[in-house]
Amino acid sequence: MKLKIVAAAAVLALVLALAGAFLFAQRTAAPDVAFTTLGGQTFRTADLRGQVVLVNFWATSCSSCIKEMPALRRMQQTFQARGYQTVAVAMEYDPPARVAALMVRGDLPFTFVLDHNGHIARSFGDVRLTPTSFLLNRRGEIVHKIVGQPDFDKLHALIDELLTEPT
């Protein structure tokens, strides 16, 4: 009987260790890339640490991307004061003038960057489909990847949870 209890405890410990390793593996560091804004300023992924960040890959030719912009704007306005930021990465084939026009026309209050040579998209796992978003925690780890339009209620809950986590 004692042997069965010891064996069961060992199996349980192994399962918990594997589950912990799986959960830890889900949070990988975001790639270290340089972003260049429409205004020409540059910053790196490491500069975003301390904030919860949604890195959103999009294109002006993507109707789903354009459709989700008002919801992204509301999300930015809702969480910005608590340390949240949206970084909208225009795909390399997007003309900068079209990106700028959309940003102004849509009154979009987040950071727009241009992926001039596709390096940012490749660094985030060779993003080709838009919209694709990556949610980063305050430590700069990717905690969630979204291909297509997000379920904004679930995304809001996750952002709220990440913003309340200790740093």
Just a yes or no: is a residue in segment 57-74 exposed (fewer than 13 other Cβ atoms within 10 Å of the Cβ), out of contact with any Cys (no Cβ under 9 Å at 6 or more places or on another chain) and at positive phi? no
Scanning for something within 19 Å of THR28 (Cα to Cα) and not in a strand (DSSP E or B), does segment 50-70 turn up at least one residue? yes
Out of ARG98, ARG128, ARG73, ARG122, which single residue is in a loop (DSSP other than H, G, I, E, B) and either touching a residue at least 60 places away in the same chain (Cβ under 8 Å) or in the same structural domain as THR37 (by TED's automatic domain parsing) (or both)? ARG128
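The values are calculated or read from the model by the stated rules, or taken from the named source; none is laboratory data. Note that the structure is a prediction, hence the values are computed from the model and not measured. Methodologically, a virtual Cβ is constructed for each residue, glycine included, from the backbone with ideal geometry; neighbour enumeration extends over all protein chains shown.
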